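Participant: Structure provided below as structure tokens; questions to follow.
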Amino acid sequence: MNEIGEGRGGAGAATGPAEVAGQYANRVVVEARDLYRTFSDVEDREIHVLRGLNLRLVAGETVAIVGPSGAGKSTLLHLLGGLDRPTSGSVLLSGRPIEGLPDEAIAALRNRYVGFVFQFHHLLRDFTALENVMVPQLIAGTEHPEACERARSLLDQVGLSERTGHRPAELSGGEQQRVAVARALANEPPLLLADEPSGNLDTATSEVLHDLLFELVERHGSAFAVVTHNRRLAARASHVLELTEGRLRPTGSDAV
């Protein structure tokens, strides 16, 4: 099975994000169709990373993507989120094909529909936690007071209401990643992508972050795809897919 998307529907929240969750409930949030990605090495030889890959996620669905290093997992996330372009095939974000769009249009689409959490937080070091979470909203055109209010709400949801004025260097690694999660959800995106989000954290802090991610995904009704080598994190997803030979294959119960 190379296509996922007939599973669970979206889960709404009781307040606030419920309207957004309801807007995308049971809708296909992201779809990859016959996706190929080829790179050239230093000797100009072609390296085929993705080979006709298909994937479909609906709102509220969670998928863990596993596989050996170098299999193309991060490449796949970059393509799904519009950070890279496929060699051939297509990616649709909330039904909108992104191939052929200029970079500026893809950036605007990505800012509205996709939230990213990477292994390293990539916070703006001279900005406070509050300001970091406000930035995506301000780029999207949200008025400053509304962006500030939502940033405070999100930081409260990730347990950092007392740290809003702290800069990244004044926060622990786990706190920095929680700010990154809040920032990823700033524009209430229907799609959340995470690439080894707890890879730089100790076991105890990782478990706290995993709990937080799944709690917030359920609350906000986002589709969630996470690349991970962490078996405990992968096991929490509704589907676990292995990227091998350029295609996604189900593992465990998904293989039945």
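The values are calculated or read from the model by the stated rules, or taken from the named source; none is laboratory data. Nothing here was measured: the structure is a model prediction, and the numbers come from that model. Positions of Cβ are backbone-derived with ideal geometry, glycine not excepted, and every protein chain shown enters the neighbour counts.
Participant: Please enumerate the residues belonging to segment 59-68 that are over 14 Å from the mean Cα position of the chain (by Cα) and either outside any loop (DSSP other than H, G, I, E, B) or under 19 Å from Val29 (Cα atoms) (or both).
Facilitator: Val66
Participant: Inspect all residues belonging to segment 215-230 and state whether any of them is outside any loop (DSSP other than H, G, I, E, B), over 15 Å from Glu61 (Cα atoms) and not β-branched (Val, Ile, Thr).
Facilitator: The answer is no; no qualifying residue exists.
Participant: Go through the residues of segment 198-215 one by one and say whether even a single one is within 13 Å of Gly115 (Cα to Cα) and either surrounded by 19 or more Cβ atoms within 10 Å (Cβ to Cβ) or touching a Lys or Arg at 6+ places or on another chain (Cβ under 6 Å) (or both).
Facilitator: Yes, segment 198-215 contains a residue that is within 13 Å of Gly115 (Cα to Cα) and either surrounded by 19 or more Cβ atoms within 10 Å (Cβ to Cβ) or touching a Lys or Arg at 6+ places or on another chain (Cβ under 6 Å) (or both).
Participant: Next question, about the same structure. Conditions: (1) touching a residue at least 24 places away in the same chain (Cβ under 8 Å); (2) of a type in the set (Asp, Glu); (3) outside any loop (DSSP other than H, G, I, E, B). Asp126 meets all but one. Number of the miss?
Facilitator: Going through (1) touching a residue at least 24 places away in the same chain (Cβ under 8 Å); (2) of a type in the set (Asp, Glu); (3) outside any loop (DSSP other than H, G, I, E, B) one by one, Asp126 breaks only (3).
Per-residue answers, yes or no, for (1) of a type outside the set (A, V, I, L, M); (2) in a strand (DSSP E or B); (3) modelled with pLDDT of 95 or more; (4) touching a Gly at 6+ places or on another chain (Cβ under 6 Å):
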residue: Val20; (1), (2), (3), (4): no, no, no, no
residue: Gln23; (1), (2), (3), (4): yes, no, no, no
residue: Val42; (1), (2), (3), (4): no, no, no, no
residue: Ile47; (1), (2), (3), (4): no, yes, no, no
residue: Arg56; (1), (2), (3), (4): yes, yes, no, yes
residue: Gly70; (1), (2), (3), (4): yes, no, no, no
residue: Ser74; (1), (2), (3), (4): yes, no, no, no
residue: Leu83; (1), (2), (3), (4): no, no, no, no
residue: Pro86; (1), (2), (3), (4): yes, no, no, no
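Participant: Let me ask something else about it. Give me the pairs, please: first residue somewhere in segment 39-65 and on the phi < 0 side of the Ramachandran plot and among the hydroxyl-bearing types (Ser, Thr, Tyr), second residue anywhere and at pLDDT 90 or above and buried (at least 22 other Cβ atoms within 10 Å of the Cβ), beta-carbon distance under 6 Å, and either six or more positions apart or on two chains.
Facilitator: Sorted first by the residue in segment 39-65, then by its partner, the pairs are Thr62/Phe224.
Participant: Name every residue in segment 119-159 that is within 26 Å of His78 (Cα to Cα) and hydroxyl-bearing (Ser, Thr, Tyr), in order of residue number.
Facilitator: Thr142
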